[in-house]
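Below is one structure, written out as structure tokens, with a few remarks after it.
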Amino acid sequence: MHIFAAALGLSALLATSATAFAVVKYAGAFYLLYIGISQLCNRGKSRPEDQHVKSAILSFRKTFLQGFLTNALNPKVAIFFLAFVPQFIASTSPNKAFSFIVLGCIFNLSSMLWCNFLAVSSAYASTRIKTNKTVAHWINRAVGALFVSFALKLALSDRTG
């Protein structure tokens, strides 16, 4: 999403407009706060076995949507693409937007490979490590507190960091 936004000039608008930056920043902070509070309030209720497959599919959708929104609502990602990718595009390139998209897709492909490796490794490790419900509950609370702190940091940060 950020690659196409930057190629179309929308990221430049975000980089130059304090209002647009603030809107995306506060929307992202609100979403991180929502995720954090959800984790803090999660009681770890178990679901009936007959809904296991349905809940797994919904959790994959929910996970994808959470990741998408977390990335899309992070204004610093847009600024990163706007600052990083143009350095690798020749000033004589006949189609700079296309070059931007190609380089961004290469970046996304390498990032996807790394993130998939991390996800598979984490999934494998989580099947090997057995925790009781109390430990899992406190881990979820710690993760929720971490997301709340990320939300506060994002909401209170200025444009440079």
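The values are calculated or read from the model by the stated rules, or taken from the named source; none is laboratory data. This structure is a prediction, so every number in the text was calculated from the model and none was measured. Neighbour counts run over all protein chains shown; Cβ positions are idealised from the backbone, glycine included. Quick note on the areas: whole protein, heavy atoms, side chains included, nothing else; ligands and nucleic acids left out. Shrake-Rupley method; radii C 1.70, N 1.55, O 1.52, S 1.80 Å.
The figures follow:
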quantity: Correct option for percent of Cα pairs over 20 Å apart [calculated from the coordinates] among (1) 59; (2) 63; (3) 50; calculated: (2)
quantity: Rough spin-label spacing in nm, given labels placed 7 Å along Cα→Cβ, for Leu13 and Lys153; calculated: 3.0
quantity: Degrees, to the nearest 10: 75-84 long Cα axis against longest axis of the chain; calculated: 40
quantity: Residue-by-residue Karplus 3J(HN,Hα) for segment 92-99, coefficients 6.51, -1.76, 1.60, Hz, glycine and proline x; calculated: 8, 4, x, 10, 5, 4, 5, 4
quantity: Residue-span extension gain [Val23 to Trp114] - 0.36 nm each, minus C-alpha spacing; calculated: 29.7 nm
quantity: Lysine-lysine proximity count for the chain, Cα under 25 Å, sequence distance 8 or more or distinct chains; calculated: 16
quantity: Extension gain, Val143 back to Asn71 (0.36 nm per residue minus Cα-Cα distance, nm); calculated: 24.1 nm
quantity: R0 of 25 Å, Cβ-Cβ distance Ile37-Ala125: FRET efficiency to nearest 0.05; calculated: 0.40
quantity: Carbon/sulfur fraction of accessible area - the chain, other protein chains in place, 1.4 Å, %; calculated: 70
quantity: Degrees between helix 18-41 axis and first principal axis of the chain (Cα, 0 to 90, nearest 10); calculated: 10
quantity: Probe 1.4 Å, protein heavy atoms only - accessible area per residue of the chain in square angstrom; calculated: 71
